[in-house]
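Colleague: Questions regarding the structure given below will be posed in turn.
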Amino acid sequence: MAEMKLADNQVQALQNDLITKGEALVIKFEADYKAYMAEAQGGTLSKVQMQQKEEVLVAKQDEIKKYEAEIQQKVSMKKEELYKPIIEKVKSEIEKLGKEGGYTMIFDSSGGVLLHAAESENLMPVLKTKLGIN
């Protein structure tokens with residue numbers, strides 16, 4: 001489906017953009033860490049200054065971890081936003097096909113999933129009665 005390819009491209013573009021921003025954070029962190037190590041090994045920092053710089057580096061590390069989780073969340077939300085109407089369209093067409101064709105059931109043989117079942121074939125009320133469930 002053309003809509004699916006378009007959605008895939010939009011999701012991939014978002015993911016690439018977010019990853020690029022994340023990589024920039026990592027590069028900045030690495031540069032800051034190398035500068036800190038050079039200063040620490042050079043003996044130019046007091047213990048208090050070293051502790052302060054370490055705290056800043058830990059905070060930046062935490063920020064990167066938080067951003068990584070944010071990437072996953074944003075991509076997941078974008079997928080849901082873009083794919084939901086496509087999935088609904090496909091479901092609707094399968095239901096129409098089932099009703100128009102008079103099919104009792106339509107299965108997805110690749111996953112063994114029931115895609116359509118005629119309402120008259122719903123045996124749940126009968127089963128509930130036999131089991132004594134209201």
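Colleague: With among the polar types (S, T, N, Q), closer than 30 Å to A38 by Cβ and touching a helix residue (DSSP H, G or I) at 6+ places or on another chain (Cβ under 7 Å) as the only criterion, which of Q51, Q61 stands out?
Modeller: Selected residue: Q61, the only one of Q51, Q61 that is among the polar types (S, T, N, Q), closer than 30 Å to A38 by Cβ and touching a helix residue (DSSP H, G or I) at 6+ places or on another chain (Cβ under 7 Å).
Colleague: Show the residue pairs that are 6+ apart or on different chains and have beta-carbon atoms under 9 Å apart, the first residue being within segment 48-61 and in the same structural domain as A35 (by TED's automatic domain parsing) and part of a helix (DSSP H, G or I), the second being at pLDDT 95 or above and acidic (D, E).
Modeller: Hits for this filter: K53/D32; V56/D32; L57/D32; K60/D32.
Colleague: For segment 100-123, what are the residues that are of a type outside the set (D, E) and either within 24 Å of Q10 (Cα to Cα) or without any contact (Cβ under 8 Å) to a residue 12 or more places away in the chain (or both)?
Modeller: Residues of segment 100-123 of a type outside the set (D, E): 101-107, 109-118, 120, 122-123.
Within segment 100-123, G101, G102, F107, S109, S110, G111, G112, V113, L114, S120, N122, L123 qualify.
Colleague: A further question follows. Could you tell me whether segment 56-72 includes any residue that is closer than 30 Å to E3 by Cβ, within 17 Å of the chain's Cα centre (by Cα) and charged (D, E, K, R)?
Modeller: Checked against the condition, which is being closer than 30 Å to E3 by Cβ, within 17 Å of the chain's Cα centre (by Cα) and charged (D, E, K, R), segment 56-72 yields at least one hit.
Colleague: Considering only residues that are at pLDDT 95 or above and loosely packed, with under 13 Cβ neighbours inside 10 Å, look in segment 1-20 and name the one that is farthest from K79 (Cα to Cα).
Modeller: Looking at residues that are at pLDDT 95 or above and loosely packed, with under 13 Cβ neighbours inside 10 Å, I get T20.
Colleague: Inspect all residues belonging to segment 60-67 and state whether any of them is hydrophobic (A, V, I, L, M, F, W, C), modelled with pLDDT of 95 or more and out of contact with any strand residue (DSSP E or B) (no Cβ under 6 Å at 6 or more places or on another chain).
Modeller: Filtering segment 60-67 for residues hydrophobic (A, V, I, L, M, F, W, C) gives 64.
Next, from what is left, pick out any that are modelled with pLDDT of 95 or more: 64.
Applying the additional criterion that residues be out of contact with any strand residue (DSSP E or B) (no Cβ under 6 Å at 6 or more places or on another chain) yields 64.
Yes, segment 60-67 contains a residue that is hydrophobic (A, V, I, L, M, F, W, C), modelled with pLDDT of 95 or more and out of contact with any strand residue (DSSP E or B) (no Cβ under 6 Å at 6 or more places or on another chain).
Colleague: For segment 75-128: of the residues being among the polar types (S, T, N, Q) and under 25 Å from A2 (Cα atoms), which is nearest to the chain's Cα centre (by Cα)?
Modeller: Of all residues in segment 75-128, those among the polar types (S, T, N, Q) come to 76, 92, 104, 109-110, 120, 122.
If we keep only those that are under 25 Å from A2 (Cα atoms) too, we end up with 76, 92, 109-110.
Numbers: S76: 3, S92: 25, S109: 26, S110: 23 Å.
Selected residue: S76.
Colleague: Return a yes/no flag: does segment 78-91 have any residue that is in contact (Cβ under 8 Å) with a residue 12 or more places away in the chain, in contact with an Asp or Glu (Cβ under 9 Å, 6 or more places away or on another chain) and not in a helix (DSSP H, G or I).
Modeller: no
Colleague: For segment 32-45, check the following and say yes or no: at least one residue is more than 30 Å from H116 (Cα to Cα), of a type in the set (S, T, N, Q) and surrounded by 12 or more Cβ atoms within 10 Å (Cβ to Cβ). It would help to see each step written out before you state the result.
Modeller: Taking segment 32-45 as the starting set, the residues that turn out to be more than 30 Å from H116 (Cα to Cα) are 32-45.
Narrowing further to those that are of a type in the set (S, T, N, Q): 41, 44.
Those left that are additionally surrounded by 12 or more Cβ atoms within 10 Å (Cβ to Cβ): none.
The answer is no; no qualifying residue exists.
The values are calculated or read from the model by the stated rules, or taken from the named source; none is laboratory data. Note that the structure is a prediction, hence the values are computed from the model and not measured. Note that we place each Cβ from the backbone using ideal geometry, even for glycine, and neighbour counts take in every protein chain shown.
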